[in-house]
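Values quoted throughout were computed directly from the atomic coordinates according to the rules given, and no laboratory measurement underlies them. Bear in mind that the values here come from a model prediction, so they are computed numbers and not experimental data. Glycine also receives a Cβ, built like all others from the backbone with ideal geometry; neighbour counts cover every protein chain displayed.
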Amino acid sequence: MDLSVVNHEDYFAKIGDDHKFPIDKFGEIANYLKKKKIVEKFYKPYACSDETLKRVHSEGYIKHIKDKTLDQRAVKKIGFPLVDSVVRRSLVATGGTVLAAKLAIKNGVACNTAGGSHHANFDSGAGYCVFNDVAVAAQYLLDRGLAGRILIIDLDVHQGNGSADIFKGNNNVFTFSMHSKSNYPAKKSISDCDVELENDTEDKEYLRILKFYLSQLNEENFDFVFYVAGVDIHFNDRLGKLKISDEGIKKRDEIVTENFFSKGIPLCGVLGGGYNKDFNKLVELHSILHQSCAKLLR
């Protein structure tokens, strides 16, 4: 069986050529996956509906984003200009994670080529995140009885603070975040389990800690997993403070995806952050998630 991967040309948005967010990566990842024959065809998502968004975000915030009337301070906190293509991208990428989650239930594993906007909260965005696509997709599955207890395993270098806040006190969603202790956001939220890593943590220690916590998570009865596979843990990342190698990221993704797939727990993989100083390396690192998941189905 081929891996189901969701992609849309509108994942790219016009944010200006000099913007520090590498928006071009979304199109290039799709090209890379096709060129390397990891994916033959992509599933195309629809823009996420207001009805689905409203289960996680406030109506006022959704309206301000869609009407482009969010105040400048809130726009600055997001870090993107609030233009039509950014609004479109945010809606389509969120719809993409919802679609990938449904495909994961059908096939055991599926991925989006975007997603992992884990800093977005109930009524605000932050850190290049407009809508919290994983939270929206998790709530979608719960609302429709497609999952009963969901794990969000977030291995981005930054804490998944928005997801932690959205699902605070919700026993149906367990938020796990393993991140750089000294990195953004300065004020951390409280996930169900937070693992804070010291600056310059390397492969051996990182993977040891990950395996330890995975063995603990395996004691829980989850019936669906969202995996935020940020590659900003890489030693050459502009915004990361860890020292994980290419091989370390490959082992990490293989360990996580195999762990849940072998137990028959559907897994939806999303990109998370990546700001590598080398753009081609960034694309290659992000594709490791998709390669790891494709390997499971062969």
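In the set (1) 18.6; (2) 21.8; (3) 19.7, the label that goes with Kirkwood radius over Cα pairs in Å computed for this structure is (1). Taking 1.567 mPa s as the viscosity and 4 °C as the temperature, the Stokes-Einstein diffusion coefficient of the stretch 151-257 based on its alpha-carbon Kirkwood radius rounds to 93 µm²/s. When the pairs Lys25/Lys277; Lys106/Lys211; Lys211/Lys250; Lys14/Lys106 are compared against a 23 Å limit on Cα-Cα distance, Lys106/Lys211; Lys14/Lys106 fall above it.
Averaging the Cα positions of each part gives two centres, and for the stretch 232-298 and the stretch 125-143 these lie 20 Å apart.
Between Lys263 and Ser182, full extension at 0.36 nm per residue minus the direct alpha carbon distance yields a gain of 25.8 nm. Annotation note: trypsin sites (Lys or Arg not before Pro) in the stretch 40-89 located in DSSP loop regions with a Cβ neighbour count of at most 15 within 10 Å are Lys41, Lys54, Arg55, Lys68. When the listed pairs Lys168/Lys241; Lys68/Lys188; Lys263/Lys295 are checked against a 23 Å cut-off, the alpha-carbon distance exceeds it for Lys168/Lys241; Lys68/Lys188.
Students often get this wrong, so check it: of Lys204/Lys281; Lys34/Lys76; Lys102/Lys281; Lys76/Lys281; Lys20/Lys204, which have C-alpha atoms separated by over 26 Å?
Too far apart for the 26 Å limit: Lys34/Lys76; Lys102/Lys281; Lys76/Lys281; Lys20/Lys204.
Loop-resident trypsin sites (Lys or Arg not before Pro) (DSSP state other than H, G, I, E or B) in the stretch 174-204 with no more than 11 further Cβ atoms inside 10 Å of their Cβ: Lys187.
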